[in-house]
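Worksheet: one structure, shown below.
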Amino acid sequence: MKFKIKTNLWSGIIMGLFSIAMLIAMPGQVRLPMFDSGAPSPRIIPGTCLVGTLVCSAALIIQSLVFKKEKIFEFDWKKEKPCIVFILLLCAYVALTINIGFIPAVVIIFPIILFYCGERKPFICLQWPREWGSFSCSSTCSTYRCRVFRDWGAEFMGDLQQIVLALQNVFTLGNLAIIFGGLILGMIVGCIPGLSVTLGIILLLPLTYSFSSPDTAIISLLAVYVGGMYGGSISAITLNTPGTNSAIATTFDGYPLAKKGKVKKALDTSLFASTFGGLFSALLLLVCASFITKLVSKFASVEYFSMAILGISLIAGVSGDSLPKGIMSGLLGILMAAIGADAVTGVMRFTFGIDSLRYGIDMLPAMIALIALTQVVQKLRDFVLAAGKLDDVTKIDTEGLTLREAKSIIPACTRSSAIASILGAMPGVGGGVAQFMCYNECRRASKRPQDFGKGSLEGIAAAEASNNAVVGSAMIPLLTLGIPGDGVTALLLGAFILHGIQPGPNMFTKQGVIAYSIILGCLIANIFLYPIGLALTRAVAKIIQVRYTYLAPIIIIFCFAGAFAATGNTKELVLTAAILVFSYLLTLLDISSTPLMLGMILADIMEMNFVTSMMSYDKDYLIFFKRPISCCILILTVFLVISMIRINKKVEALNQEQMEAMKKGQEESRAEA
């Protein structure tokens, strides 16, 4: 059974009807408080979200019917059947866990998943390829000297006493071991196609509750972030399949170089460029964070509300090629966060008499369902459709990157790191956009642009330096303004809140030691990346050969265990399964879940500052435009959204062009073979 879905039209119709139904139900579901506390009505935020969703729905319908702008999703039952089956099996797993226990549910459901995937053997036997040789690394780690500029003033470095205390916090055996483990975990989840850095962070997030301090928890997640950005290049080079979206440009030159028998050289180039870009942006973060904080230290609740609007709008603006869908997704996230008791008036909102919704939807189960489980289900579907066939890992030779070659790619690394650091500091851009802009700029400035796409070391360096340069620079708006720079830092923002850390200007005054501990942890993680990468890249590349059907059950166990650990209540498992079904419906309608997740994360911050502003200025709704800084932020929001949409369209066009060229090259190589 096959049929085509007009995603714009049906998204508009379904979400429009949903908005109308919720607006009709609002008087009964969100009652007004019995007394006037001076706070705005608890209906304002959810009502505004529903009206905004209705407007976006109308825009999508008009685009489809009037302007004939439509995106078609071809629904093929044979292709989507595995996805639906896995979702139903996970829902059954939740039901069995609640009724008969965790272990019996695992024993019953997971063999069914393996059997459906075509597995008939309970164990997997991996053979170490003989051509890989020994497990040790044959290349010698080069030593690079770093000059320390002792004349840096306190105005750029922040409070020296806080930095010293932060150094004492970070340089402990426990923190260094956690950074080491986080880098390895990041490399593993980054190199396996179908997994991602976000999945690694979500898997580790529940475990961070057991850490002794919140800065240790965030440092561990940052280590996963750093390691994952490099790990994506391993599969991009060896399999021509990027492990992460930010490693797409690495395939343009990494895989052609690997086909020439120079896999080790390509991997060493990727590692060198990743370390260079990561250190560049981490040092930039250390220098600029305190300076930017001083500029915004006088922000009040009005400005913080505008900054929250800026963060949500920018992420929505770069989520796919449809701005109405992105905004709609962000508004749905805010609406989901509004479920439960209002923080000010105590009024129940949209619980529909369900006890499990009285305390709202917890952030961690929502993130697990929207990102981790959705990726697992899609990857299992692809595995079934491919009949379990996996690409062979390319032979890894012993000829690494020479010192002369390392010096030759430093200009490309510097140029790419500088551009990516600027783009990464712009909320909503991320490594996906930066990699293409840096790659093309380095190709334009190169003395041998004709080598790009054929195994150029400069091309690999440009792509990989931009990936890791985004890590540190994306933390700049997160730490200084409380706005995530990309999807991963949106998860980190949720982790900050879960651990009682409030990022923003006040963080460097109230929690300065924690702030600098996080920054220094990011810097140390990038320093550790190079020796760890040299030692363990071969072992991590081996993991790519593990059949996904054996990884998926482990990931699923961690996901549901993390959801349960959020509150220790089985209702979180039910909510996780329900949000997973909802996420699949969004996928069919081509609606990104990234703005939805960010909307849930920023909703509390936005509503709290909105209520504070209204109570402080006697419910003057124009105060956001009367205060100059707030008005400038809102104007900047509109300007940056338009700019990012244009940049995103150019990058998508360029990406399509590059992918077509790559497919053409592969077809030509097959024809020659």
Worksheet item: Would you say Tyr584 is under 22 Å from Tyr116 (Cα atoms) and open to solvent by 20 Å² or more (accessible area, probe 1.4 Å)?
Response: yes
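Listed here are the residues, each with its yes/no results for (1) more than 26 Å from Leu279 (Cβ to Cβ); (2) at pLDDT below 85; (3) in a helix (DSSP H, G or I); (4) out of contact with any Asp or Glu (no Cβ under 9 Å at 6 or more places or on another chain).
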| position | (1), (2), (3), (4) |
| --- | --- |
| Val189 | no, yes, yes, yes |
| Gly200 | no, yes, yes, yes |
| Ser212 | yes, yes, no, yes |
| Asp215 | no, yes, yes, yes |
| Ile219 | no, no, yes, yes |
| Leu222 | no, no, yes, yes |
| Gly228 | no, no, yes, yes |
Worksheet item: Which numbered condition trips up Ser592, out of (1) surrounded by fewer than 23 Cβ atoms within 10 Å (Cβ to Cβ); (2) over 22 Å from the mean Cα position of the chain (by Cα); (3) small (Gly, Ala, Ser); (4) within 30 Å of Val226 (Cα to Cα)?
Response: (2)
Discussion item. Condition first: over 29 Å from Ser235 (Cα atoms) and buried (at least 24 other Cβ atoms within 10 Å of the Cβ). Can you find one or more residues in the stretch 456-468 that meet it?
Written reply: no
Response to the item:
When the stretch 1-21 is checked residue by residue, the ones that are more than 30 Å from the chain's Cα centre (by Cα), surrounded by 14 or more Cβ atoms within 10 Å (Cβ to Cβ) and touching a residue at least 60 places away in the same chain (Cβ under 8 Å) are none
Worksheet item: Would a scan of the stretch 663-673 turn up a residue that is at pLDDT 85 or above and over 30 Å from the mean Cα position of the chain (by Cα)?
Response: no
Response to the item:
Leu622 vs (1) surrounded by fewer than 17 Cβ atoms within 10 Å (Cβ to Cβ); (2) modelled with pLDDT under 85: all pass except (2)
Fill in: Condition broken by Ala39, with the remaining ones in (1) touching a residue at least 60 places away in the same chain (Cβ under 8 Å); (2) open to solvent by less than 20 Å² (accessible area, probe 1.4 Å); (3) out of contact with any Leu (no Cβ under 6 Å at 6 or more places or on another chain); (4) closer than 22 Å to Leu596 by Cα satisfied
(4)
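Residues Val638, Val574, Val581: which one is farther than 30 Å from Ile98 by Cβ, out of contact with any Lys or Arg (no Cβ under 7 Å at 6 or more places or on another chain) and at pLDDT 80 or above?
On the way: Val574 fails: farther than 30 Å from Ile98 by Cβ; Val581 fails: farther than 30 Å from Ile98 by Cβ.
Sole residue among the options that is farther than 30 Å from Ile98 by Cβ, out of contact with any Lys or Arg (no Cβ under 7 Å at 6 or more places or on another chain) and at pLDDT 80 or above: Val638.
One line per residue, one yes/no per condition, for (1) surrounded by 14 or more Cβ atoms within 10 Å (Cβ to Cβ); (2) farther than 30 Å from Leu385 by Cβ:
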| residue | (1), (2) |
| --- | --- |
| Ser57 | yes, yes |
| Val66 | no, yes |
| Lys71 | yes, no |
| Pro82 | yes, no |
| Ile103 | no, yes |
Worksheet item: If we scan the stretch 534-557, do we find a residue that is under 30 Å from Ser466 (Cβ atoms), outside any helix (DSSP H, G or I) and more than 22 Å from the chain's Cα centre (by Cα)?
Response: yes
Worksheet entry | Subset of the stretch 258-267 (residues that are modelled with pLDDT of 80 or more and either of a type in the set (Phe, Trp, Tyr) or in contact with a Ser or Thr (Cβ under 8 Å, 6 or more places away or on another chain) (or both)) | Ala258, Val263, Lys264, Leu267
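Just the residues that are without any contact (Cβ under 8 Å) to a residue 40 or more places away in the chain and not aliphatic (A, V, I, L, M), please, taken from the stretch 462-505.
If we filter the stretch 462-505 for residues that are without any contact (Cβ under 8 Å) to a residue 40 or more places away in the chain, which is where we start, we get 478, 489, 502-503.
Hits for the stretch 462-505 are Thr489, Gln502, Pro503.
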Worksheet item: With (1) surrounded by fewer than 23 Cβ atoms within 10 Å (Cβ to Cβ); (2) over 21 Å from the mean Cα position of the chain (by Cα); (3) modelled with pLDDT of 80 or more as the list, and Tyr516 as the residue in question, which single condition is left unmet?
Response: (1)
Response to the item:
By residue number, the members of the stretch 459-496 that are in a helix (DSSP H, G or I), modelled with pLDDT under 80, closer than 17 Å to Ile309 by Cβ and among the hydrophobic types (A, V, I, L, M, F, W, C) are Leu481, Ala490
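The values are calculated or read from the model by the stated rules, or taken from the named source; none is laboratory data. Predicted model, so just to flag it, every value in this text is computed and none were measured. As a convention, Cβ positions derive from the backbone with ideal geometry for all residues, glycine included, and neighbour counts pool all protein chains shown. Keep in mind that these areas ignore ligands, DNA and RNA; they rest on the heavy atoms of the full protein, side chains included. Shrake-Rupley method; radii C 1.70, N 1.55, O 1.52, S 1.80 Å.
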